Amino acid sequence: MKKILLLLCVFASFGFACFCTVDIMQGFASFRDYITNDMLIPQRKNTDSLQASIKQSKEALEKQNAAIEKLIEIEKRKALEYSQMVFLLTQKRKMLE
């Protein structure tokens, strides 16, 4: 009789454990769905829109950098011309003295 009672208790506890396991698995599945639907999908949408604006900003910066490089080259040429003019003027002054 004790063995039968013990077996009934064991089977009841196994049944309860299986029931709890199913509930836990459903809880994890619903939590996974919550994370996917409510958190990751909006974040992906925001990231996609940010990527487009980042690409536009990058292209604008590259254009600005190219323009700045051209201006630097022009200023270098001017500085070289001015230094040559100064050299020639000093040579002319020495010749006049």
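The values are calculated or read from the model by the stated rules, or taken from the named source; none is laboratory data. Worth saying up front: this structure is predicted, and the values here are computed from it rather than measured. Cβ: placed from backbone, ideal geometry, glycine included. Neighbour counts: every protein chain shown.
May I ask you to verify whether D48 is charged (D, E, K, R), surrounded by fewer than 10 Cβ atoms within 10 Å (Cβ to Cβ) and in a helix (DSSP H, G or I)?
Working: charged (D, E, K, R): yes; surrounded by fewer than 10 Cβ atoms within 10 Å (Cβ to Cβ): yes; in a helix (DSSP H, G or I): yes.
Judged against the criteria, D48 is a match.
Okay, residues lined up against (1) touching a Phe, Trp or Tyr at 6+ places or on another chain (Cβ under 9 Å); (2) polar (S, T, N, Q); (3) surrounded by fewer than 10 Cβ atoms within 10 Å (Cβ to Cβ); (4) part of a helix (DSSP H, G or I):
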{"position": "I4", "(1), (2), (3), (4)": "no, no, yes, yes"}
{"position": "L7", "(1), (2), (3), (4)": "no, no, no, yes"}
{"position": "T21", "(1), (2), (3), (4)": "no, yes, no, yes"}
{"position": "M25", "(1), (2), (3), (4)": "no, no, no, yes"}
{"position": "D33", "(1), (2), (3), (4)": "no, no, no, yes"}
{"position": "N37", "(1), (2), (3), (4)": "no, yes, no, yes"}
{"position": "S57", "(1), (2), (3), (4)": "no, yes, no, yes"}
{"position": "A60", "(1), (2), (3), (4)": "no, no, no, yes"}
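Taking the stated definitions as given, is M39 of a type in the set (A, V, I, L, M, F, W, C), within 19 Å of the chain's Cα centre (by Cα) and at pLDDT below 90?
Working: of a type in the set (A, V, I, L, M, F, W, C): yes; within 19 Å of the chain's Cα centre (by Cα): yes; at pLDDT below 90: yes.
It is true that M39 is of a type in the set (A, V, I, L, M, F, W, C), within 19 Å of the chain's Cα centre (by Cα) and at pLDDT below 90.
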